[in-house]
1. Suppose a student asked you for the relative contact order of segment 2-140, using Cα pairs under 8 Å spaced at least 6 residues apart; what percent would you report?
2. Which whole-angstrom value gives the distance between the alpha carbon centres of segment 204-263 and segment 471-542?
3. Helix-derived [θ] at 222 nm for the chain: sum -39500 (n - 2.57) over DSSP H runs of at least 4, divide by residue count, nearest 500?
4. In what order do 260, 341 fall by count of nearby beta-carbon atoms within 10 Å, going from fewest to most?
5. About the Cα centre, and with charges only on the beta carbon of Lys, Arg (+1) and Asp, Glu (-1), how big is the dipole of segment 148-256? Nearest 20 debye, please.
6. Treating only the Cβ of Lys, Arg, Asp and Glu as charged (+1, +1, -1, -1), what charge dipole size does the chain show about its Cα centre? Round to the nearest 20 debye.
7. Can you sort 476, 250 so the residue with the fewest Cβ neighbours within 10 Å comes first?
8. Counting just the Cα atoms, what span does the chain cover along each of its three principal axes? Round to the nearest Å and put the largest first.
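Read-outs: derived from the displayed coordinates by stated rules, not from any lab. Small disclaimer: the values here were computed from a predicted structure and weren't measured. With ideal geometry, Cβ positions are generated from the backbone for all residues, glycine too; neighbour counts draw on all protein chains shown.
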Amino acid sequence: MQIIFIADFFADEILGGGELNNEVLADSLRRRGHTVVEQKSSHITSEYITEHWDYNFIVGNFVHLPEEIKRSLASFSYIIYEHDHKYLRNRNPAFFSGYVAPPSEIINEEFYKNALGIFCQSDFHYKILHSNLSLDNIKNVAGNAWSDESLEHIAALSSEKKQNGFSILDSNISHKNTLGAARYCESLNAPYEFVSSRNYHDFLKKLAKNDKFVFLPQTPETLSRVAVEARMLGMQVHTNSRVGAASEKWFSLKGVELIEKMRLRREEIVDSIESIFTTGRCSHFTPKRELPKISILTSLYKGDEHIDGFMRNMVRQSVFDDCELIIVDANSPGDEKAVIEKYLASYPNIIYKRLDHDPGIYGCWNIALELSTGEFITNANLDDRRSLQQLEIFAGELIDNPDVDLVYSQCFVTHKPNEEYSRNSSQREVYPVADFTSENMIKCLPGCMPLWKKSMHDTAGVFDDKYKFAGDWEMWLRAVKAGSKFKRVDSVHGLYYHNPDGLTTDTSRQREKSAEEKEVFHKYADVFGENNYNIYKEHFSK
């Protein structure tokens, strides 16, 4: 593989975390037999890009990359290895509530959108970037890359005796907050030393002199390489909520255990680079994370307009190989089968069952549920779309939260059919959903594309197919009444099509729909409580 690594500066010019990481990645790719050429962003021309049409491109820091080059790269295979927040004018999400900037502050959006993948360095970093750009090509590589030589040097230093005191990064970059760290030490009456050096190994030696490291950045750090180095050196790290590394489970490790974790993580990052250039597919989590099988339940009726886009969206899910898509055709009069058969030939994990009658959407879901063999379940509507990592992210949430039975998120709302999640006309309009409480179940919180544990049906039963419109709300209320807990996932991970002819949106069916919702409302009044019941009973009595 031939790769051009583009960055504003390299490690022989600036001894920064991004530059050191890029250097190790380039060397690691070379060790695997790939050709890697390093080029400064300010030196890249359109002619150079055209001459190297058969290369793949890794773009690190790109402040100095000309706009015409960003546009030219859209025709080539490139990934962005994101080191800060270059999608914002001021590059500091801390200025905005919840780290989410208004659209007027977003820049380089097309450059990010056209990349094969955007590599983030922590889950914290991923969530901020996804909240601002809502793209489905973002991947959390959950770490940085260190050379074997550096890791061995860190291992040797970690075993040396340390003095009681704090090390502070001596930086003239204001948002690194060196003075704030000093004031913190002074408030504790603790000794401290400022640490700096143009020589990397000398810097590590000075850092390791003390048993504690304090770092209180004023802008969200995508990872904070130095904080990870302090942990590898066996130091205590005193920091705030703006350090990305602290969002990773491995940050609880230190010393040799963390060193070996980062050695493995380096190879996984290189695996990811090779994989994305080879397959063009980007997954959210680091490689080799094992996920339970996911069963996708789909009811099909009069879906000719949406079937092709739906199938493309499903098979492009980052974990589709770990899924089974079960399509139950409710005797549809359309020609959807012709489209589905094209996919059946290539994907043995697609199951298609055609009925000779229409049992309704919830009847179809129950049939698919009975056929399912997955540990996790989701329903998928033909006219809605998911981010390509939605199933992977939601499955990760269920794994990481064993007391939770169902996860859901907000969805963008579009009024145009067959738009893609990453390219839609929603103007960031979302279908609002609240955090989970039994009181908030007065609305159908899970929305149109939740993921849940199949085991939930063991205690709560299956969907009640007497309903045409409110069967999912009734199911979730029954599950909550039986003790299930739900969780709202941060950020927006789906695209809901407000279909004027849809089952729940068709105005000609509103009276029947309202009658069902009224029945469910009164049936589960004890779930969302007397106060909510009294507030909403007039609404449901209309």
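1. On the way: 207 pairs, mean separation 29.4, N = 139.
Normalised by residue count, the contact order of segment 2-140 is 21 percent.
2. Comparing the Cα centres of segment 204-263 and segment 471-542, I get a distance of 46 Å.
3. Numbers: 18 runs with 192 residues, N = 542.
Only helices count here, giving -10500 deg cm²/dmol.
4. Numbers: 260 14, 341 11.
Going from sparsest to densest Cβ surroundings: 341, 260.
5. Working: 14 positive and 12 negative charges, 50 e Å.
Magnitude of the dipole: close to 240 debye.
6. Numbers: 63 positive and 79 negative charges, 213 e Å.
Here the chain has a charge dipole of around 1020 debye.
7. Details: 476 25, 250 17.
Fewest-to-most ranking of 476, 250: 250, 476.
8. 74, 59, 42
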